[in-house]
Amino acid sequence: MAHILYIGQYTAGSTSRMRADKFKSLLPDHQFHVINSDIPFYECNKFSRSIGFRFKVGPLISSINNYIKCNVKELAYKLIWIDKGIFINKDTLKFLKARTSKLIHYTPDTAFFQNKSFLFESGIHYYDLLITTKSFDKENYLKLVNADKLIFTTQGFDKTIHKPYHSFYEKEKSIVFIGLCEPSRERILTHLLNAGLSVKLAGYGWSKFLNSNHNNLKFLGEKLVGEEYAKAISGSLFGFGALSKKFPELHTTRTFEIPACGTALLTEANFETNTFFKNDEAIFYKNISELISKIKYYSCNLSELQVLTDRGYKKVMRKYEYGDLLQEIVKEIIT
């Protein structure tokens, strides 16, 4: 039996674990091994984690790389999959490459903006294939590797977690957003609240924003993962699929998770989102005024909103579940 090694975050509720478990299910005739990089990460103190995350140096980096080397078995792996390898140095990559004929890197994040890592870039030549969900990163990848090493896929969702937990008429007439605080997101949510719309919010960095004392704002907590995350999305009529403005993001996991939870997606109109959805499958906007106008319209026309929501749900179920996306990747990487 051939052996597959997965290296990445494997904490319950993480999207990395969702991908790993889907990947495993697609290869039932292979022996699947996991090295959970979250274990050495959380064994380090907060200061070491902060320094390591920001600068990719210090005890955190040593701990993760030593942990990986110590937990690699004396096997010839058919494939080694590294998920979000921003902390893995080139010595460890060389060590892994000697134990497999196919070393693969996958990241749902940008590799050259917010999550830029000199460790990743210095060791990128050890990878046989690099899988990205960020089309705007392509130019930067091609400065470092040949085009035949690069695979583009989209973000996705896990249908066992991201699913409707409420019927349409059990949902609250509110907009839900779960994610990090950014100035652009604060600005949009402020406009929604000032327009009298109800907002449910969760994520890190929102403490100052919460002091705005809006009666129509409900904070659900800093961290919602797994079913808690999906249930929070499912409980509202509208889900805000905010894109980051710290880099030129065109879609995110929320783009698919929100419709999968049976909630209407509010999203910017751009090349990628317009490719994924038609106008009767998601609520597109080009500016805040249009966003508010459409939310108010659909809030008063629930039958139309229900039809749009159902069409959005059916669209993502057909094309964007992790299992379907990984199946296409498996066809390319498993020979």
**Prompt:** Out of TYR165, GLY123, GLY323, whose Cα points farthest toward the positive end of the dipole of the chain (charges: +1 Lys, Arg; -1 Asp, Glu; placed on Cβ)?
**Reply:** GLY123
**Message:** Over all directions, the average projected area of the alpha-carbon convex hull for the range 25-77 comes to how many nm²?
**Reply:** 4.8 nm²
**Request:** Within the set of other residues whose C-beta is less than 15 Å from the C-beta of GLU172, count the net charge using Lys and Arg as +1 and Asp and Glu as -1.
**Result:** +4
**Message:** For the range 59-162, take every pair of Cα atoms, bin their distances at 10 Å starting from 0, and report each bin as a whole percent.
**Reply:** 14, 46, 31, 9
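In debye, nearest 20: dipole of the chain around its Cα centre with unit charges on the Cβ of K, R (+) and D, E (-)? Before the final figure, lay out the partial values.
Working: 46 positive and 34 negative charges, 91 e Å.
Roughly 440 debye, rounded to the nearest 20.
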**Prompt:** Of the peptides 130-139, 202-211, 181-190, how do they stack up when ordered by the mean number of other Cβ atoms within 10 Å, highest first?
**Reply:** 130-139, 181-190, 202-211
**Request:** Using the structure shown, list the pairs from LYS97/LYS134; LYS84/LYS315; LYS73/LYS231 with a Cα-Cα distance above 32 Å, or answer none.
**Result:** LYS73/LYS231
**Item:** Debye intensity ratio I(q)/I(0), log10, the range 81-135, q values 0.20, 0.21 Å⁻¹ (C-alpha model)
**Value:** -0.64, -0.71
**Prompt:** Translational D (Stokes-Einstein, µm²/s) of the range 161-245 at 20 °C and 1.002 mPa s when Rh comes from the Kirkwood sum over C-alpha pairs?
**Reply:** 164 µm²/s
**Neighbourhood charge, 10 Å Cβ-Cβ cut-off, centred on TYR77 and excluding it, Lys, Arg +1 and Asp, Glu -1** = +4
**the range 189-243 and the range 50-91: distance between their alpha carbon centers, rounded to Å** = 35 Å
**Request:** Report relative contact order for the range 168-319 in percent, whole number only (criteria: Cα-Cα under 8 Å, sequence separation at least 6).
**Result:** 22 percent
**Over the range 1-106: Rg over Rh, Cα atoms, Kirkwood Rh** = 0.97
**Message:** So if I restrict to the alpha-carbon atoms in the chain, what is the Rg, and what is Dmax, the biggest pairwise distance, in Å?
**Reply:** 20.8, 63
**Item:** Viscosity 1.306 mPa s, temperature 10 °C, Stokes-Einstein D of the range 168-319 from Kirkwood C-alpha radius, µm²/s
**Value:** 104 µm²/s
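FYI, it's all coordinate maths here, none of it is from the lab. It should be emphasised that the depicted structure is a prediction, and the values quoted were computed from it without experimental measurement. Methodologically, a virtual Cβ is constructed for each residue, glycine included, from the backbone with ideal geometry; neighbour enumeration extends over all protein chains shown.
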